[in-house]
Amino acid sequence: MTALAFLPFGRFGQDVEHVLSASEHFEFHTVRPGEGGPPRPAPLAVVTAGSTPLAVVEAAVRAAGFGRQVLWLPLLLEPSEFSVGPWIGRGAACLECYDARRAQHDGSQGRSDTARAVWDAAAHAQLWPHLPSQARLAAGVAIERLFCLAGEGATASRDDLRSVVRWRSATGDLHNHRVLARGGCEHCAVPRPARSGDPLVTLVETLAKAG
Ligand SMILES: [Zn+2]
């Protein structure tokens, strides 16, 4: 059975842990934030769940002894939605690109920033409630993501690893997005587009030579 590490945060993390522990396909070794080191033998990846800000979660993953080489999957509960993914770590997405894309596609960034600041403060106190069904659904999506990573259900491609499944409470719909790496990101190693490939730049260069 494939071994995985699991870092739970707060009540949501505990409820997800309860569901994952019943898995017949994966063996989860719970690592309490701030306690001990990573389990041995080394797990395939790390799964986290909670309403804790992702920067704090990432710091806890590193503090538990998992370096940037190790992939981790965040299950994040927010006030009006929860999300599963993307895989973060070498060969997948990085938190900086994910944060940048979330800000880029947020149509109400000002309000979101305000709400997130309040939420970040409240999340530490584990004030956000959730339904048990949300924890079960998040755990189910996480299992699907793990099958993808382990190659038991499909061959995990970089696009697969970068996908985020988001469930919005207002509509009840599940959406799947892909986190595009920022050009020049040192973690995602995406080269910046060559200037010579820009049609406008090429036209200007051609006109300059002709002139
Ligand atoms: Zn990146």
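Database remark: amide H of Thr30 closer than 5 angstrom to the amide H of Phe6 (H placed geometrically; neighbours at sequence offset of 5 or more, or on other chains; Pro and chain starts carry no H). Hey, how many Å between the Cα centroid of region 1-58 and the Cα centroid of region 63-98? The two parts, judged by their Cα centres, are 12 Å apart. Checking every one of the GluC sites (Glu not before Pro) in region 16-65 against DSSP loop status and a limit of 14 other Cβ atoms within 10 Å picks out Glu24, Glu35. Per-residue Cβ neighbour counts within 10 Å put Val56, Val47, Val16 in the sequence Val56, Val47, Val16, beginning with the fewest.
No value in this document is a laboratory result; all are computed from the given coordinates. In this text the structure is predicted, and so the values were computed from the model without any measurement. No Cβ is skipped: glycine too gets one built from the backbone with ideal geometry, and neighbour counts run over all protein chains shown.
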